[in-house]
Amino acid sequence: MSFSTQLMKNNYHTHMYLCRHAIGDVEDYVLEAIRLGFDSLGMSDHAPFFELQDRSIRMYPEDLSLYLEKCDACIKKYKNQIIVYKALEIEYFPDHKQKYVDLLKELDYLALGQHYIIEADSPNGLRSSYKLFTKQQITTYVDMVIEAMHSGYFKFVCHPDLFLYNVTRMDSIIMEESRRLIRNARETNTPLEINVNGIRKGSRVTDDGLRFLYPRLEFWQIVKTEKARVIISSDAHQPNYLYDEAVQSAYKFAREIGIEVEEALQI
Ligand SMILES: [Zn+2]
Ligand SMILES: [Zn+2]
């Protein structure tokens, strides 16, 4: 692969081993980004959250300081070769506002990854965004993402179309809920992310044909018509995924819809 044809120069969504489902240390990702000739690399591992029970999918609270130290060490060590940002991917829960304020004192940014919605009658009051089936659940997801975008805590929205994971048919209500999310992204000037990890996870046949699990074509067609801001993120969970074939598929996906992708964010 030659650098002149490389599409990505900045990636703002990167994980590392402390979340328990990624491999590689911060330095491994930074070295890979330098090798690729990136201008910047944003580390954004899954933030610890006491409320979220499944400890296999995110950093332990006691590991946060180690993560920050690792980021700081690379920021310093490689400052003449690449800009490294220190960030976290995190859910928005309205009663945790102080947590975001506190984290932002230490971090360059927060990326919204709304993997859960609040659902009062669920066992722990939460429901996975991969398991949304009813219109009410979908509306709750959209409401929470909209509130998050208006809060001003988040630099961009990771995989905003995750709520469509179980939607096999994009009916008019789902299309309108998608549009509502997208319009609020435009109003709040919040970039929406085409997430490459959804492409790595593969495709499936829906009522509308063969589709990536995410990004969901119909959603991004609305993004195009509503003129919301768009970035592409690798969402790498291993260093060699930073710029792989799936990243190139994402650029092709955007190009075919006619979406203009922003290459660098103001951090
Ligand atoms: Zn992850
Ligand atoms: Zn992620």
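FYI, it's all coordinate maths here, none of it is from the lab. Quick caveat, the model's predicted, so the values are computed rather than measured. Using ideal geometry, Cβ is built from the backbone for each residue, glycine included, and neighbour counts are taken over all protein chains shown.
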Taking Rh as the Kirkwood radius computed over alpha-carbon pairs of the stretch 3-257 and applying Stokes-Einstein at 10 °C with viscosity 1.306 mPa s, one gets a diffusion coefficient in µm² s⁻¹ of 86 µm²/s
Rounded to the angstrom and largest first, Cα extents along the principal axes for the stretch 149-199 equal 32, 25, 13
Length gained if residue 203 through residue 249 is fully extended, taking 0.36 nm per residue and subtracting the Cα-Cα distance, is 15.3 nm
Percent relative contact order for the stretch 122-235, counting Cα pairs under 8 Å at least six residues apart, stands at 29 percent
Here FRET efficiency (C-beta to C-beta, residue 73 to residue 224, R₀ 45 Å, nearest 0.05) is 0.65
Quick calc: nm separation of the 7 Å Cα→Cβ label points for residue 134 and residue 97 -> 2.9 nm
Note on the stretch 144-267: C-alpha Rg/Rh, Kirkwood Rh, two decimals, gives 0.94
Under the helix-only model (-39500 (n - 2.57) for each DSSP H run of 4 or more, divided by the residues of the chain), the mean residue ellipticity at 222 nm, to 500 deg cm²/dmol, is -11000 deg cm²/dmol
Expected sort for 146-152, 169-175 on mean C-beta neighbours within 10 Å, highest first, is 146-152, 169-175
Listed by chain and number, the lysines with an alpha carbon less than 19 angstrom from that of residue 252, same-chain partners under 8 positions apart left out, are 9, 201, 224, 227
Residues other than residue 32 with Cβ under 13 Å of its Cβ, Lys/Arg counted +1 and Asp/Glu -1, net out at -3
So, with points 7 Å from each Cα along the Cβ direction, the residue 105-residue 60 label distance in nm works out to 2.5 nm
The chain: relative contact order from alpha carbon pairs under 8 Å, six or more residues apart, as a whole percent, is 19 percent
